[in-house]
1. Would you check which residues across segment 2-17 are more than 12 Å from VAL39 (Cβ to Cβ), modelled with pLDDT of 95 or more and not polar (S, T, N, Q) and list them?
2. For segment 35-44, check the following and say yes or no: at least one residue is at pLDDT 95 or above, within 10 Å of the ligand (Cβ to nearest atom) and out of contact with any Pro (no Cβ under 9 Å at 6 or more places or on another chain).
3. Looking only at segment 1-16, which residues are more than 10 Å from the ligand (Cβ to nearest atom) and either touching a residue at least 60 places away in the same chain (Cβ under 8 Å) or under 8 Å from the mean Cα position of the chain (by Cα) (or both)?
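The values are calculated or read from the model by the stated rules, or taken from the named source; none is laboratory data. Only a predicted model underlies this, so the values are computations on that prediction, with no experimental measurement involved. Using ideal geometry, Cβ is built from the backbone for each residue, glycine included, and neighbour counts are taken over all protein chains shown.
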Amino acid sequence: MAKKALLEYVCQSCGAVYPKWQGKCDSCGQWNSIVEEKVEQSGFPF
Ligand SMILES: [Zn+2]
């Protein structure tokens with residue numbers, strides 16, 4: 001059974017979070033500052 005893991009994309013410059021990767025952060029205008037982060041869902045019994 002696969003564990004459910006979510007991915008989110010966080011700008012290392014301003015901390016803005018996006019559901020999809022993009023080359024430029026809309027929030028601070030920085031290019032290539034967004035990195036993929038895996039979010040493990042925890043505390044969920046199922
Ligand atoms: Zn940003």
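1. Going residue by residue through segment 2-17, those that are more than 12 Å from VAL39 (Cβ to Cβ) are 2, 11-16.
With the extra rule that they be modelled with pLDDT of 95 or more, the set shrinks to 11-16.
Hits for segment 2-17 are CYS11, CYS14, GLY15, ALA16.
2. So far as segment 35-44 goes, no, none of its residues is at pLDDT 95 or above, within 10 Å of the ligand (Cβ to nearest atom) and out of contact with any Pro (no Cβ under 9 Å at 6 or more places or on another chain).
3. We begin by selecting, within segment 1-16, every residue more than 10 Å from the ligand (Cβ to nearest atom); these are 1-9.
If the condition is that a residue be more than 10 Å from the ligand (Cβ to nearest atom) and either touching a residue at least 60 places away in the same chain (Cβ under 8 Å) or under 8 Å from the mean Cα position of the chain (by Cα) (or both), then LEU7, GLU8, TYR9 are the ones that fit.
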